[in-house]
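Written out below as structure tokens is the structure these notes cover.
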Amino acid sequence: MTITEIIDQGRKPRLKVPPKSVETHSHVFGPPDRYPHVAGRRPHIEASLEQYEALLARLGIERGVIVQPSLYSTDNTIRLESIAAMGLDRARGVAVTTKDVSDKELQRLHDAGIRGNRFYFIVDDFDRADLAPMAAKIAPFGWHVQVQDDGAWIKDIIPVLEKLPVDSVIDHVGRTPAANGINDPDFQAMLRFFETGKLWIKISAPYLQSTDGPPSYADVGDKVRELVKVRPDRLVWAANWPHPNFAPDNKPEEADCLDPLLEWVPDEAIRNAILADNPACLYDFVD
């Protein structure tokens, strides 16, 4: 069974999203002979732009943010091609750049729709010492840094993020352990920083931090409710397609990741802001 066939079998969500909704975190992968990947990283999979657009159509979402995966390191070619194909009225991207990236290259990426620089600390291309110098480079362009790690990491990185001249984005509700719930020390540290308005958080990949599982992901819902209480204007939603940690025939259902917002965020105005207004601000979409 192909990924396209699997996507076509997915269900439509119960949640009707507002106009100009944005899916803020997915990846596009291409044929390895055209887009070579970094040796030793996850086996190459194909998840084409056409398949991603089919997903957006099924969810009723108009806009997308295509994020650079670790598989391609600092080669952003497929990201830029995908954004260009969708058009700047519908697409933005988050890149990974070299440490010595020039202002000229940053301008080229900005003009092509890039609005953030990703630090995926689960692999070793970068370390936390790289955040400050990179943030200084991207600040004139209005970009953000996007950070992700696992384990007990958030409370240690926040003192670094607090000093940056740009906003920060944390993926997947912080990936704090499900067993600790909202009292997890890292989650509580994230909440405190979140209150400042310098941090954005993606409601995404609930399966990475849930023991309750689909379709409710109730333990993740507890955390989302706490976030909504603090800064609903700094929350965005994402599908994390094509779920690269899963086999294609065993992937999560994206509608199961979207529909819980009906319960987690019952206020329709706040929910619509999370899906449309907030990401339009973060990713510089012009209506």
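Among the conditions (1) closer than 23 Å to residue 259 by Cβ; (2) not in a strand (DSSP E or B), residue 200 misses just one, which is (2). Restricting to segment 260-275, name every residue that is within 14 Å of residue 224 (Cα to Cα) and surrounded by fewer than 19 Cβ atoms within 10 Å (Cβ to Cβ). Residues satisfying the conditions are 262, 263, 266, 267, 270.
I'm checking my understanding of the structure. Among residues of segment 196-234 that are over 27 Å from residue 48 (Cα atoms) and among the hydrophobic types (A, V, I, L, M, F, W, C), which one is surrounded by the most Cβ atoms within 10 Å (Cβ to Cβ)? The extreme case among them is 220. Here the condition is being in contact with a helix residue (DSSP H, G or I) (Cβ under 6 Å, 6 or more places away or on another chain), within 25 Å of residue 23 (Cβ to Cβ) and of a type in the set (A, V, I, L, M, F, W, C); of 147, 166, it holds for 166 alone. Just so you know, in segment 63-88 the residues that are charged (D, E, K, R) and touching a strand residue (DSSP E or B) at 6+ places or on another chain (Cβ under 8 Å) include one that is surrounded by the fewest Cβ atoms within 10 Å (Cβ to Cβ), and it is 63.
Within segment 5-25, the set of residues being within 15 Å of residue 248 (Cα to Cα) and either modelled with pLDDT of 90 or more or aliphatic (A, V, I, L, M) (or both) comprises 6, 7. May I ask you to list the residues in segment 241-267 that are assigned to a loop (DSSP other than H, G, I, E, B), under 17 Å from residue 23 (Cβ atoms) and among the acidic types (Asp, Glu)? 253, 259, listed by residue number.
For the structure I just gave you, tell me whether residue 41 is surrounded by fewer than 15 Cβ atoms within 10 Å (Cβ to Cβ), touching a helix residue (DSSP H, G or I) at 6+ places or on another chain (Cβ under 9 Å) and closer than 24 Å to residue 147 by Cβ. For residue 41, the condition - surrounded by fewer than 15 Cβ atoms within 10 Å (Cβ to Cβ), touching a helix residue (DSSP H, G or I) at 6+ places or on another chain (Cβ under 9 Å) and closer than 24 Å to residue 147 by Cβ - is met. Just checking, does segment 140-148 include any residue being at pLDDT below 95 and either farther than 29 Å from residue 74 by Cβ or not β-branched (Val, Ile, Thr) (or both)? Yes, because at least one residue in segment 140-148 is at pLDDT below 95 and either farther than 29 Å from residue 74 by Cβ or not β-branched (Val, Ile, Thr) (or both). For segment 52-145, the helices (runs of 4 or more DSSP H) that sit wholly inside it and include 1 or more residues that are of a type in the set (A, V, I, L, M, F, W, C) and under 18 Å from residue 30 (Cβ atoms) are 77-86.
For segment 266-287, state whether one or more residues are in contact with a Lys or Arg (Cβ under 8 Å, 6 or more places away or on another chain), touching a residue at least 24 places away in the same chain (Cβ under 8 Å) and farther than 17 Å from residue 65 by Cα. Looking for residues that are in contact with a Lys or Arg (Cβ under 8 Å, 6 or more places away or on another chain), touching a residue at least 24 places away in the same chain (Cβ under 8 Å) and farther than 17 Å from residue 65 by Cα, one finds none in segment 266-287, hence no. Within segment 166-214, the set of residues being touching an Asp or Glu at 6+ places or on another chain (Cβ under 7 Å) and hydroxyl-bearing (Ser, Thr, Tyr) comprises 176, 204, 210, 211. Counting residues in segment 175-185 that are at pLDDT below 95, within 19 Å of residue 222 (Cα to Cα), of a type outside the set (S, T, N, Q) and touching a Leu at 6+ places or on another chain (Cβ under 8 Å) gives one or more. In segment 111-135, the qualifying residues are those that are more than 13 Å from residue 168 (Cα to Cα) and hydrophobic (A, V, I, L, M, F, W, C), and the one that is surrounded by the fewest Cβ atoms within 10 Å (Cβ to Cβ) is 129. Taken over segment 19-35, residues that are surrounded by fewer than 17 Cβ atoms within 10 Å (Cβ to Cβ) and either touching a residue at least 12 places away in the same chain (Cβ under 8 Å) or within 21 Å of residue 238 (Cβ to Cβ) (or both) amount to 3. Which is at positive phi and within 18 Å of the chain's Cα centre (by Cα), of 93, 113? That would be 113, the only listed residue that is at positive phi and within 18 Å of the chain's Cα centre (by Cα).
The values are calculated or read from the model by the stated rules, or taken from the named source; none is laboratory data. Keep in mind the model is a prediction, meaning the values are calculated, not measured. Cβ coordinates were reconstructed from backbone atoms using ideal geometry, including for glycine residues, and neighbour counts include every protein chain displayed.
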